[in-house]
Structure formats: structure tokens, C-alpha cells
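Some notes on the structure that comes next.
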Amino acid sequence: MEKKHVFDDPRNVKRLLTVFFSSVVILLILDAFYILLSRMNVIHSHMNYQWEEFWGFYAFFGFVACVILVLVSKYILRPLVKREENYYDK
Amino acid sequence: MTNSILPALIFMIGGFMIPFFRGRAKSIYMMLIPVVGFINLINIPMGDHFLMNFSDFKLVLLHIDRLSLLFGYIYHIIALITVIYILNFKNDVEYVAGFFYAGAALGAVYAGDLFSFFIFWEMLTIGSVMLIWARKTKSAQASGLRYLLVHAFGGLVLLAGIVLHFTETGSLEMLKLTLSGPGSYLIFVGIGINCAWPVLHPWLTDAYPEATIGGTVFLSAFTTKTAVYALARLFPGTEALIWIGVAMAAFPIFYAVIENDLRRVLAYSLINQVGFMVVGIGIGTELSINGACAHAFNDILFKGLLFMSMGAVLYRTGKINATDLGGLYKSMPWTALFCCVGAASISAFPLFSGFVSKSMVMEAAASGSHLAGQKSYVVVWLVLLFASAGVFHHAGIKIPFFAFFGHDAGHRVKEAPLNMLIAMGIAAFLCIFIGTYPKPLYNLLPFAVDYHPYTISHVLSQTELLFFSALAFTLLLLSGIYPAEIRALNVDADWIYRKTGKALYRIFDAVLNPLNAWCERIVRGVAGSTADFFKDAGAKISLFVAVNIWLLAGYRDKHLEIKKQKLYNDILQGTLPAGIGAAVTITFILLIYVLI
């Protein structure tokens, strides 16, 4: 009988996902606090662009960027460039 | 400077001596080479050394300033780490080639004039090709040859540029050039080929995954970074570089998402990271050049670490395609941990090395965009931000996930050998050390640093960006939209020379070979019939003359046949009586004389 490893137990995978999803939510809450505090000039905000001050700008950008990246790679690039593994040997 | 040695020579000569050592002494000797080199290096004062006058040329073999020192330091560090990593391979070809290659990179970085720079630049190609061929597989031989052809071409472009530049300006100094005139453009493109600019890049993604396990770690450190160094030295602030760098940072991430060979995924992400450096050099401010150099320093460490972890996986399982791997954290937990450190560093997580260097380039682009006439830098910033999210996606998540987690492919192997773990451990330690305490690295940079990576906004925004990229990955994976890895080949710009090369071959085959065969038939036909004719030409002419005489003399039928046969045989076999022979010869000569 092989040793049980961490992620062999589906409950652990679930726990990890729960931790991850909650940290994502916490980050958004922190961002809201950060914007609030910098508006009240409690902390100095170092921003280069207006849009950086929108709530969740980086979150939105990161998420959308990756979705676009995956969709473009899968549905546009792969059909264009995919060949058989021995394509160059033929 | 009498008591210091040329850093390149320590590596090259030291490397050639390796085969003479055996067993434990060999391992110790190999680790000593970079250490001795480093001690030698820190004892050389700033300035020019090893000056040589070679007719009109003033050659400077050792030019030490802050820029060349920074690259020299990291080259020594990564050489030591890689040597520890490959100790268990017992392959002298790989050892000697590796040291020759690292020495060539050191020589190029310290070269104070374009001519000696070119010499070491070419040696770089030789060393790296040996590292690819040392794998000894058929595909490694083929891609090594392609690598050699591309770099030989690149070297010629560089040489042509240097010659033209010299005739234009009369100077060989390694100083800032402006893009004007064919000389500087050729130098620019020649360096660009080694820097893996878009369309000029496929040699990298073609050959690096084909090299030996240790060879790839060597390769990831030196060729492109030496090109980055050369650009920082010769072309800082050249605006074209910004857009070239932006393209480099953006396009490889799409390929990396669909690539199956995990070392090839890393090769694509190498181009992506070098893109950040090239942008930094193109912007050309003190902050951006510092950022480019710091990022080169860090990239050598974390990319080396990632290639080492994938090399360990390849070494133990014999597999490197994502389709064949998964669940390896169970049997290779340390390798998995080190790989995750490398992944976090390349993704620029706070507390890891990428965080303190990549953001310098981003910051330089952002602050540059507020200056008059540089509005377009906003686009640069946005694309770099996109590339930052993308690099986390493919190098940060995909590499560890498909190799060590994900679907368990059932490999039950041993953990990587101790020396490999030590090498990965050192690299991982440095990644975290630089990430948490960047001051020593900042002190080494070419310009004084006034940059603070750990502001609340930077930490928060970067963490947000990365976590939501991870969220996208997780949701796409859970929903089944994430593209499954497929055993397939993705064509890239090397299609141009690999397929057209083959097409040209076919065209030549179809046109020239039939032409050749046709010519051969003609020549053979003419020669054959001529030979046939002259074989018994003398006999036939004699017969013609003799038969007419005999007819006049009244010989007929059988008698005539016998006489003809006898004469023919006598002439062919040379058994004619001497007098007749002479008569025939004279007749023959006379005949020719009359005919002419």
C-alpha cells in the first residue's frame, strides 16, 4: 500500500482551494482599505496613472489578461501553428 | 597588473585540464575553477588592463567597470552552481565545453574593444554548440547544426558591422554607438540574433530544450545575457529596443501556454524575460538600465533554477513533456520546492528576486510616459503588465503544476541526487535572499540606486495581479477550458528556414539532378561512341583502302573474306609485319594530312 500524499485526499485539495479563494477576496477588501486610506492621506499613494486608483484595477487586469492569454493561445494560435510531432522530419 | 590573470583564461585553460583529473579530485578541481576566478576578479582594480597594440588596432582584453563587473560576478556564481549541478554526469565533453563557454562569455563581457569582443563572441557559439551536441541524440545533432548555422551567420553580420564601423570611424572602442550608417546597424542586428529578437529567436527555442541536462542550464545563463550586456554597453537609450523588447515580452507567452515540452516552455519564458531587459536598455534612463541589469542578474539565477529543476525531472523520469508528467511532488519533494521558489521568483512575487528588479523597468516605463513626446510608453507599460501576468501563468503555475502536481502520471522515482539538490538549494537561497534583502544587489548596479520596491502600493498591486492570474488559471482549469497539453509541434519562425530550406533542397533536387543526369548521358554517349570508333579506326581505314586494292587485284568471295579477317586481326593485335605496319601508319598520316 503506497503512502498517502497530501493531495491524494480530495478534502485537502478542497481546503487549499478554499484558502485560495478567500485570500483573493481578502486582497480585494485590502485594496478597498488602501484606496480609502490614501484618499484620506493617511498613507502616501504612489501611483503613476489615474486608473491605478480604481478599486481592483490590478485584480481585474490580471484576471482578464490571463483569460485572454489562454483563449487566444487555445483558439487562435494553436490552430494556426499546431503540427504533428514529426512535421519537420517528413 | 602583473599578478592577475584574464578571467576568461582561468575558465578556458582550467576547463581543458579537467579530463586529467579523476574521482573526487576532479569534483573539487572543477568547483575550484570559478572560486579561483572570482578571487582573481575581485582583486583586479577598475580600468583597462592587458592592452595590446596590433598594428593599427588598440586591443583591450580586460575592461573593468561597474557594468562589466556585475555580469562577471553573476557569471562566476552561476558557473559554480551549474558545476555542482553536473558533478554526477561524469561527462568530460560537457565539462570542458561548459567551462569554455562560460569563459567565452566572461571574455566577451570584459573585452574593451570590438575586435576582441567579436573573438570571444564566436567562441561562445563554439562552446554552446558542443553543449548541444553532447546530448548525442539525433534531434540534438540536427538542432545543434541549425544553431551553429544561425550563429555563424549572426557572427558574420557582427563582423561585417565591426569592419564597416572601423572604416567609418577608425575606432574599435566599446563605446555607445548611435544607429547611423550600415556599420552600426549590422552590429545592432548581429547582437540582436544572440539576444533572440522576435523572428530571429527560434534558434533558442529550437536548441535549448535539445541540449544536455546541465548544458541547458549553462546555455540559459550566458548567450542571451551577454547580448543584453552588449546592448547595454553599445546601444543604451536606442528607442527601437523598446519596441523590440515589448514584442519579446509579449509573444512568447502565447507559445508557452500551448507548448508541451516543459524545457521549451522555459525557453519561451527566457525570451519573455529578456524582453523586459531589452525594454529597460531601450528606455535608457539610469533607473531603467539598472533595472535591466538587475533583472539579468536575477534571471540568470531563477531561470537557471527552473531549468535545473526540470533537468532533475528529466534525469530521474526520462520524460519532459507535460503529457507524461504529473504528481512528482510525492517522489521529488525537494525538487518541487526549489522549482516553486524559482517559479515565484520569475513571477515577481513579493519577497522573491523578480519582484525587486522587474518593477524597476516597469517604473521607468511609467515615469517616462509622463514626459513630453513619450506618451506611447503607456502602451509599453500596459504590455509589460500583461506580460507580467502572463509569465506567472505559464512559468509560475504551468511548470510546477504540470510537473509536480496535477494528474499523477505514476512515476515513482528517487529524489534528485544530492549535488543537484545542493545546486538548486543555493540558487533558491539567492533568489529569496535578493528578494528580501535587495541592497547588496542594488549596490552592484551600474548607477546609484534610489528605488524602493517594498512600498505598500507595489506589494499590494503585484499580489493582486498575481493572485487574480492564478484565479483565472484555477477557474479555467476547473471548468475544463484550459487547453489540454497535446503531443504536437508548434511551428515558429524557424519554419522559414526549416521548411523553405527543405523546399529549396527539393527544388534543387528536382532541377539540378536531372540536369546533371542528362549532361552525364550526353558525355557518356559521345565519349562511348568516340571510343568505339577509335578502338579499331586504324583497322577499318586500312581495310577500306586494302579492300579496294584487293578488288582491283581480282580477289573475290571467300579469299577476300579471309584476307580481310587476317588484316583486321593483325592491325588490332599489332602482329603486322614491320614494313606493312609502317606503310599503314604512313598511309594513315597521309590520309589525315589530306583530309585536313
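The values are calculated or read from the model by the stated rules, or taken from the named source; none is laboratory data. The model shown is predicted, which means the values in this text are computed figures rather than measured ones. Note that each Cβ is placed from the backbone with ideal geometry, even for glycine, and that neighbours are counted across all protein chains shown.
Brief remarks on what is shown
- In the condition set (1) more than 24 Å from B:Ser461 (Cβ to Cβ); (2) part of a loop (DSSP other than H, G, I, E, B); (3) more than 10 Å from chain B (Cβ to nearest Cβ); (4) not hydrophobic (A, V, I, L, M, F, W, C), A:Lys3 is compliant with all but (3).
- Summed over region B:551-571, residues that are surrounded by 16 or more Cβ atoms within 10 Å (Cβ to Cβ) and either among the small types (Gly, Ala, Ser) or at pLDDT 85 or above (or both) total 0.
- Of the criteria (1) without any contact (Cβ under 8 Å) to a residue 24 or more places away in the chain; (2) part of a helix (DSSP H, G or I), which one B:Lys136 fails: (2)
- Output for region B:443-477, where each listed residue is more than 10 Å from every other protein chain (Cβ to nearest Cβ) and more than 19 Å from A:His46 (Cβ to Cβ): B:Asn443, B:Leu444, B:Leu445, B:Pro446, B:Phe447, B:Ala448
- Within region A:20-64, restricting attention to residues that are at the interface with another protein chain (Cβ under 10 Å from one of its Cβ atoms) and in a loop (DSSP other than H, G, I, E, B), the residue that is modelled with the lowest pLDDT is A:Ser45.
- Any hit, region B:204-213, residues being buried (at least 24 other Cβ atoms within 10 Å of the Cβ), among the aliphatic types (A, V, I, L, M) and closer than 20 Å to B:Leu445 by Cβ: no
- Against the numbered list (1) more than 7 Å from chain A (Cβ to nearest Cβ); (2) modelled with pLDDT of 80 or more; (3) touching an Asp or Glu at 6+ places or on another chain (Cβ under 9 Å), B:Ile507 comes up short only at (3).
- Residue satisfying condition, being surrounded by 24 or more Cβ atoms within 10 Å (Cβ to Cβ) and touching a Cys at 6+ places or on another chain (Cβ under 8 Å), within set B:Gly342, B:Gly311: B:Gly342
- Of the set (1) facing another protein chain (nearest Cβ under 10 Å); (2) surrounded by 11 or more Cβ atoms within 10 Å (Cβ to Cβ), all apply to A:Asp9 but (1).
- B:Ala395 being under 28 Å from B:Gly72 (Cα atoms) and at pLDDT below 90: yes
- Within region B:369-382, tally of residues that are surrounded by 16 or more Cβ atoms within 10 Å (Cβ to Cβ) and over 21 Å from B:Asn272 (Cβ atoms): 2
- Of all residue pairs spaced 6 or more apart or on separate chains, those with beta-carbon atoms under 6 Å, a first member in region B:44-69 that is in contact (Cβ under 8 Å) with a residue 12 or more places away in the chain and farther than 21 Å from B:Phe222 by Cα and a second member that is part of a strand (DSSP E or B) and among the charged types (D, E, K, R) are B:Leu59/B:Asp113; B:Val60/B:Asp48; B:Val60/B:Asp113.
- Neighbours by Cβ (under 6 Å, 6+ apart or cross-chain): first from region B:223-248, in the same structural domain as B:Val274 (by TED's automatic domain parsing) and touching a residue at least 24 places away in the same chain (Cβ under 8 Å); second surrounded by fewer than 24 Cβ atoms within 10 Å (Cβ to Cβ) and of a type in the set (Val, Ile, Thr): B:Val246/B:Val383
- B:Ala531 being modelled with pLDDT of 80 or more, assigned to a helix (DSSP H, G or I) and not assigned by TED's automatic domain parsing to the domain that holds B:Leu590: yes
- Here region B:100-139 is the region considered, the condition is being among the hydrophobic types (A, V, I, L, M, F, W, C), crowded, with 24+ Cβ neighbours inside 10 Å and over 16 Å from the mean Cα position of the chain (by Cα), and the residue that is nearest to B:Pro34 (Cα to Cα) is B:Leu106.
- Scope region A:72-90; condition facing chain B (nearest Cβ under 8 Å) and either β-branched (Val, Ile, Thr) or surrounded by 14 or more Cβ atoms within 10 Å (Cβ to Cβ) (or both); matching residues: A:Val72, A:Ser73, A:Lys74, A:Leu77, A:Arg78, A:Val81, A:Lys82, A:Tyr87, A:Tyr88
- Subset of region B:408-429 that is of a type in the set (A, V, I, L, M) and surrounded by fewer than 23 Cβ atoms within 10 Å (Cβ to Cβ) - its residue that is farthest from the other protein chains (Cβ to nearest Cβ): B:Ile426
- Within region B:446-484, tally of residues that are out of contact with any His (no Cβ under 8 Å at 6 or more places or on another chain) and part of a helix (DSSP H, G or I): 18
- Taking the listed residues A:Leu69, A:Leu17, the one that is surrounded by 13 or more Cβ atoms within 10 Å (Cβ to Cβ) and at the interface with chain B (Cβ under 8 Å from one of its Cβ atoms) is A:Leu69, with no other qualifying.
- The lone exception for B:Leu385 - which of (1) crowded, with 19+ Cβ neighbours inside 10 Å; (2) more than 10 Å from chain A (Cβ to nearest Cβ); (3) part of a helix (DSSP H, G or I) it fails: (2)
- Annotation note: of B:Asp494, B:Asp509, B:Asp536, the sole residue that is within 30 Å of B:Trp203 (Cβ to Cβ) and touching a residue at least 24 places away in the same chain (Cβ under 8 Å) is B:Asp494.
- Test: A:Ile29 is out of contact with any Asp or Glu (no Cβ under 9 Å at 6 or more places or on another chain) and β-branched (Val, Ile, Thr): yes
- Single residue of region B:357-370 satisfying the filter (among the aliphatic types (A, V, I, L, M) and in contact with a Phe, Trp or Tyr (Cβ under 8 Å, 6 or more places away or on another chain)) that is nearest to the other protein chains (Cβ to nearest Cβ): B:Ala366
- Among the residues listed as B:Leu305, B:Leu351, B:Leu301, B:Leu287, the single one being in contact (Cβ under 8 Å) with a residue 40 or more places away in the chain, assigned by TED's automatic domain parsing to the domain that holds B:Ala423, surrounded by fewer than 24 Cβ atoms within 10 Å (Cβ to Cβ) and assigned to a helix (DSSP H, G or I): B:Leu287
To keep it simple, each residue is scored yes or no on (1) closer than 28 Å to B:Ala427 by Cβ; (2) modelled with pLDDT of 95 or more.
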residue: B:Ala142; (1), (2): no, no
residue: B:Thr167; (1), (2): no, no
residue: B:Lys176; (1), (2): no, no
residue: B:Ser184; (1), (2): no, no
residue: B:Asp206; (1), (2): yes, no
residue: B:Ala211; (1), (2): yes, no
residue: B:Gly214; (1), (2): yes, no
residue: B:Val228; (1), (2): yes, yes
residue: B:Gly237; (1), (2): no, no
